[in-house]
Amino acid sequence: MKTALLIIDVQKAIDHPKWGIRNNLDAERKIAELLSHWRHKKWPVVHIKHSSKELTSPYREGQPLHDFKEEVFPEIGEKIIEKSTNNAFVGTELDTYLKSLSIEHLAVVGVLTQHSVDCTARMAASLGYHVSVISDATAATGVTDCRGTSWSADDVHHITLVHIGADYASICTSAEVISNR
C-alpha cells in the first residue's frame, strides 16, 4: 500500500505564546526522524502549510512565524499545500494530488492534535484513505471547556488520539512506523 507522510502545520507559529503550554516538545524531532526515513526511501512527502485569514494570527501569511520550522523544512520536489482552515482537504488540491500518486495510506504528523491533525485524519478516513496518526510526532495544547474546567495539553492529546483511533485511524509511534516500513 503506497503511503505518504503528511506533515501538518509544523511552522514557527506553533511556538507563539498565544497557544499556551503544549505537550510533546519532542514532536518536531520525531517528525524530522520520520521525514529523514521517508526521504531516504524516496517516498512521497506532503507539507501542509496553514495560512490563516485572521489578521492577528501568527499563522497568517506575511507574519514572521508563518514559515516552516527548520527541522522539517521542505526540500525541492516535496509537495507543499497551503490551507486556510483546520482541514487540509477543504479548499485545497490535497485529495487530487494524493490520488494522482495512487496513495492509499497516510502517515499523519504535526500540530495541533486536537485541531488540524484530528480534522484532517477524520476527513482522510471519510475519503477512503487508510490513516495512521503518529502519537509521538503530534502535539496538543491545553484547553478550558465551557464549564471552566481546564484540561492539560497531555490530556487533550491523549483524549483526541483515543477518539481518532476509535473509528478513523490507527494510532502508533514513530518507532513502530520506521520499523514496519
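Among the numbered conditions (1) under 20 Å from S179 (Cβ atoms); (2) modelled with pLDDT of 95 or more, the only one that V46 does not meet is (1). Take segment 70-91 and flag every residue that is among the charged types (D, E, K, R) and either touching a helix residue (DSSP H, G or I) at 6+ places or on another chain (Cβ under 8 Å) or outside any loop (DSSP other than H, G, I, E, B) (or both). Correct list: E70, E71, E75, K79, E82, K83. Scanning segment 161-170 for residues being open to solvent by less than 50 Å² (accessible area, probe 1.4 Å), assigned to a helix (DSSP H, G or I) and closer than 23 Å to D95 by Cβ gives a total of 2. Considering T149, T141, the condition of being modelled with pLDDT of 95 or more and in contact with a Gly (Cβ under 8 Å, 6 or more places away or on another chain) is satisfied by T141 alone.
Candidates F89, F73: the one that is hydrophobic (A, V, I, L, M, F, W, C), open to solvent by 10 Å² or more (accessible area, probe 1.4 Å), touching a Ser or Thr at 6+ places or on another chain (Cβ under 7 Å) and free of Cβ contacts under 8 Å to residues at least 40 places away in the same chain is F89.
Restricting segment 39-50 to residues that are in contact (Cβ under 8 Å) with a residue 40 or more places away in the chain and outside any strand (DSSP E or B), which is surrounded by the most Cβ atoms within 10 Å (Cβ to Cβ)? Here the residue is P44. Within segment 92-138, can you find the residues that are in contact (Cβ under 8 Å) with a residue 40 or more places away in the chain, among the charged types (D, E, K, R) and either farther than 19 Å from I14 by Cα or part of a loop (DSSP other than H, G, I, E, B) (or both)? Of everything in segment 92-138, those that are in contact (Cβ under 8 Å) with a residue 40 or more places away in the chain, among the charged types (D, E, K, R) and either farther than 19 Å from I14 by Cα or part of a loop (DSSP other than H, G, I, E, B) (or both) turn out to be E104, R122. Only one of the listed residues (L55, L25, L35) is part of a loop (DSSP other than H, G, I, E, B), without any contact (Cβ under 8 Å) to a residue 60 or more places away in the chain and of a type outside the set (D, E). That residue is L55. Looking across segment 96-144, the residues that are under 22 Å from G20 (Cα atoms) and open to solvent by 40 Å² or more (accessible area, probe 1.4 Å) come down to H115, V143, T144. Looking at segment 142-154, is at least one residue in a helix (DSSP H, G or I), out of contact with any helix residue (DSSP H, G or I) (no Cβ under 6 Å at 6 or more places or on another chain) and more than 21 Å from V46 (Cβ to Cβ)? Looking for residues that are in a helix (DSSP H, G or I), out of contact with any helix residue (DSSP H, G or I) (no Cβ under 6 Å at 6 or more places or on another chain) and more than 21 Å from V46 (Cβ to Cβ), one finds at least one in segment 142-154, hence yes.
Given the conditions (1) crowded, with 18+ Cβ neighbours inside 10 Å; (2) touching a Pro at 6+ places or on another chain (Cβ under 9 Å), and given that K79 satisfies all but one, which numbered condition is not satisfied? All conditions pass for K79, except number (1). Tell me yes or no: at least one residue of segment 24-35 is of a type in the set (G, A, S) and either within 21 Å of H130 (Cα to Cα) or open to solvent by less than 10 Å² (accessible area, probe 1.4 Å) (or both). Yes, segment 24-35 contains at least one residue that is of a type in the set (G, A, S) and either within 21 Å of H130 (Cα to Cα) or open to solvent by less than 10 Å² (accessible area, probe 1.4 Å) (or both).
If you go through segment 51-63 and keep only what is open to solvent by 30 Å² or more (accessible area, probe 1.4 Å) and not β-branched (V, I, T), you end up with K53, E54, L55, R60, E61, G62, Q63.
The values are calculated or read from the model by the stated rules, or taken from the named source; none is laboratory data. Bear in mind that the values here come from a model prediction, so they are computed numbers and not experimental data. Note that each Cβ is placed from the backbone with ideal geometry, even for glycine, and that neighbours are counted across all protein chains shown. Only protein heavy atoms, including side chains, enter the accessible area calculation; ligands, DNA and RNA are left aside. Shrake-Rupley method; radii C 1.70, N 1.55, O 1.52, S 1.80 Å.
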